[in-house]
Every structure is written in C-alpha cells, then in structure tokens.
Amino acid sequence: KGRLYVVAGSGPKELSSAAVITARGTLLTSTGAVGMAENLNQLIITDGANGYVSPFSTNVFAQITGAGWLGSVRVTVLDGYAVFVKPDSQVFYISSVDDATALDVLDFASAEGSPDNIVAQIADHGQLFLFGASSTEIWDNTGGTDYPLTRNNGARIETGCAAAFSVRKLDNTVYWLGQDERGGGIVWKLNGYTPVRVSTQAIEEVLQGVADLSAAVAYVYQQDGHSFYCLNVPGLPTTWCYDVASENWHERAELVGGEYSQHRGQFHAFAFGKHLIGGADGKIYEYDPEAHTNAGDVLVRDRISPHMATPMYEQQHFRSLQVDCVVGVGKPDGSDPSLMMRYSDDGGLKWGNWRVTTMGAIGARKARSIYRRLGSARDRVWQIRVTDDTPFAIVGANVE
C-alpha cells in the first residue's frame, strides 16, 4: 500500500490496416465474455446460454443443439472430451471425443463434495479442476464404461472461485481470483493441490472493496522471459498484473482526461508469432516491446517510491535526485525526451508541481537525469513519470 509499480516494457499498437479479418459467424448474445477451447477437429465457443463449433476443415460456424446441450459459461477439453458446466448448478457434462456437437443426455455428473455450484472448469496436467463458489474438486479420466471421469477424493481444495473468467493456466500451474466461506478477493495459484496466495494485502484491500467480483476477467501471456497474470475487475480504475518472474504486482492503466482508466487489453491470444490483445473497443492490438505509445495515444509510465523517512522522522535535506534510466535514445522526431518528477511530503496525500529534466539527446549515452535543490522533509515520496514516445526503464536512483 502506498506503492505503485508500473511495467516499463511494451505498449500496444493497432494491427496494420493490411491485416485481413474474416468473420466466421455471429453469436446469439452480444455482451460478456465467452469461453473458447479446441479439440483435435473443432474450435468450441460458449456464451452461457449457447454453444457453437467451427470445424477446422470447413470453418463453418454452427450452433450446438439437441437435448444434451444444457448451456455453459466456459468450456475446456480433457483427453478430447469437451467439458461443459450447466449454469448455476453442480452439474458438468461431456461430449464425445473430438466432437463437441455429440452430446449424450446421460453423460453428466455432479460435483457434490461441497454444497456449492460450479463457477468454472479447467483441464490441467491431465486432470479436470471444477472450481465451485467455495471449494474445488479434481476429477480424473479413469476410462469408466458408463462415465469416464471419476472424482479424486484425496485432492479436494477448500478454496473456491469468485469469477469464472479469472481462472487461467500460467507458468505450469493455475491462477484464479478466489473466495471461500470466510471471504474473497485473494488471487491464488496452485502448488500441486495446495493454493498459494500471490496477492498482497494492499491488492486484497482494493479487491475486497468491490461489491461484485464475479465479472472479473483475467488474461495471461509470456513475453521476454516474463509471465504475466493480468486481472481486470469492473469498478477499479486500473488493471492489476502479476509478474511471475519478479513476484511483483504492477498496475496498467490509461490516463484519460487526467484520470486513470483500465488498460484497453482484456483478452489475449498468441498467434502468428504475435501477442494479440482485444478489448471493449472492438479493435485488436499487438503488444510490442518497441512501442512506446498506446496505439498512438500517450503511454504514461509512472513509478512511485517507498516512503523515505528515518525511524525517528528526523528532518532530512535533499540536495539532489538522480534517476539511472535509459538515456540518449531521443524521440521519433529527434528531440530530447523529458523525465518528469514531483514529490509529496505528507505520505502521498498532496503532491507538488512537476519538475522536468532531459533524458538526453540522441547519442548522449552518458547524460544524467538529475534534479537539484529539493528542500527538506521528514517523510518524502517521489514520483517519476515519462509520457514521451521513447524507451523508459529505471535501473536505479540515488538521493543525496
């Protein structure tokens, strides 16, 4: 709490107008997230009330029909079986192998280990995880004649799920926004069958201030050796992202009219060698480490320091602040990029005016981004900001 970590890496850029986008079909619903999975032959899509398939051989988009279809918010595939969950129930059901349209009305079972409905399902490491509202069950494919899946009674998890589309596979395990009978608003990952808390108390205070977490949506991706779990929660002004490599959280946001709003990316796909993201504006963007704008809009990169105070809150005099960052790159038009700084002497409640220094002209690799005559305080917090179209990465900082 009191700290803001902002990734200094890639920004989104809109796909080239030369990109060919072909419509494959139309859903019967128009709002909310959809589930997607693929078996050997088909792309499978669910929107809660309806299910659809698009065979890879024909790309013909068709609705799943028949008495065996009971609806499903998400879909996952385990050993070729498409696994669906009947909304607002403990019932899950499966298709035939590699054909999501073939549904037998008798191919269903119930997750009844705890009296809670199934919120989400996901297949991982050859097992099926059924996340309920307050608990989680694991089922295995034991090849039974009547029904191939059997509950693993020795692997029940006493933590449930708060949002169906927060459940994602990342870094060889599963992450999700959890809840149980005692409360919610904690982000977990699995270590074997044991939930491990990855959110901090500061993040949990923010999450637990949201009245309804069920509409939260997460996406995951890996870029440049970093794996990210990115969580969008309706009602929050920023997107919270967890970096597995550093085990740190940061916020992604867009500065619109002087106020932060959530980052435009809500969904992700790695395709054609690109990290593609999409959001509510209906456009598709690519995460690009060489992009330093939000698809042409200003990309604000902020860093707020921890509190700088002695144990006895003694008065400190600040002669200079030097930020060790990438310098000498310049902006696309050849001009010098600017580094902005301001500080607070009351714990971040009120801030002074922005002060600006240079990040060096093109080629000035030994330039110093330094501020002097910074007054005194008992408790100081620094904020650094870059808004120019230029690379920005902080290595360190030195205060004299």
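The values are calculated or read from the model by the stated rules, or taken from the named source; none is laboratory data. All values derive from a computational prediction rather than experimental measurement. All Cβ positions, even for glycine, are placed from backbone atoms using ideal geometry, and neighbour counts span all protein chains on display. Side chains are part of the model used for accessible areas, which takes the heavy atoms of the whole protein and leaves out ligands, DNA and RNA. Shrake-Rupley method; radii C 1.70, N 1.55, O 1.52, S 1.80 Å.
Of note:
- Tail fraction, Cα-Cα pairs, region 18-79, threshold 13 Å, whole percent: 64
- Karplus-derived HN-Hα couplings along region 395-400 (A = 6.51, B = -1.76, C = 1.60, θ = phi - 60°), whole Hz, x at Gly and Pro: 8, x, 8, 10, 10, 9
- Rule-of-thumb Rg ratio for the chain [Cα; 2.2 N^0.38 Å; N residues]: 1.15
- Based on protein heavy atoms only, region 115-176 ends up with 37 Å² per residue of surface accessible to a 1.4 Å probe.
- Accessible-area composition of the chain, carbon plus sulfur, in percent [1.4 Å probe]: 50
- Region 250-400: Rg to Rh, with Rh as the Kirkwood radius over Cα pairs: 1.03
- Pair-distance distribution of region 68-222: all C-alpha pairs, bin width 10 Å, starting at 0; shares per bin in whole percent are 11, 42, 34, 11, 2.
- Distant-in-sequence amide H partners of ILE118 (H built 1.01 Å from N, under 5 Å): SER89, GLN90, VAL91
- Label-point separation in nm, ASP88 to ASP212, each point 7 Å along Cα→Cβ: 1.3
- Residue separation of ALA309 and GLU181 scaled by 0.36 nm, minus their Cα-Cα distance, works out to 42.0 nm of gained length.
- Ordered from highest to lowest accessible area with the whole protein assembly present and a 1.4 Å probe, ARG168, ARG197, ARG252 read as ARG197, ARG168, ARG252.
- Protein-only accessible surface order, largest first, of HIS275, HIS226 at 1.4 Å: HIS226, HIS275
- Between region 164-235 and region 60-85, the C-alpha centres lie 25 angstrom from each other.
- The 3J(HN,Hα) values that the Karplus relation (6.51, -1.76, 1.60; θ = phi - 60°) gives for region 224-232 are, in residue order, 6, x, 10, 9, 10, 10, 10, 10, 9 Hz. Gly and Pro appear as x.
- Choice from GLY184, GLY192, GLY35 showing the highest fluctuation, given a GNM over the chain with Cα pairs closer than 10 Å: GLY192
- Highest to lowest packing among 258-264, 360-366, scored as the average C-beta count within 10 Å: 258-264, 360-366
- Kirkwood estimate for region 130-277, i.e. one over the average of 1/r between Cα atoms, Å: 16.5
- Summed residue charge, Cβ within 15 Å of ASP107's Cβ, Lys/Arg positive, Asp/Glu negative: -4
- Whole-Hz Karplus values for region 165-171 come out as 8, 8, 7, 9, 8, 7, 6 Hz, taken residue by residue from phi with 6.51 cos²θ - 1.76 cosθ + 1.60 and θ = phi - 60°; glycine and proline positions read x.
- Value of [θ]222 nm, deg cm²/dmol, for the chain, DSSP H segments ≥ 4, -39500 (n - 2.57) each, nearest 500: -500 deg cm²/dmol
- Each semi-axis of the equivalent ellipsoid for region 23-139 is √(5λ) with λ an eigenvalue of the Cα gyration tensor; in descending order they amount to 23, 15, 13 Å.
- 5 angstrom amide H check on ALA102, placed H, neighbours 5+ away: SER96
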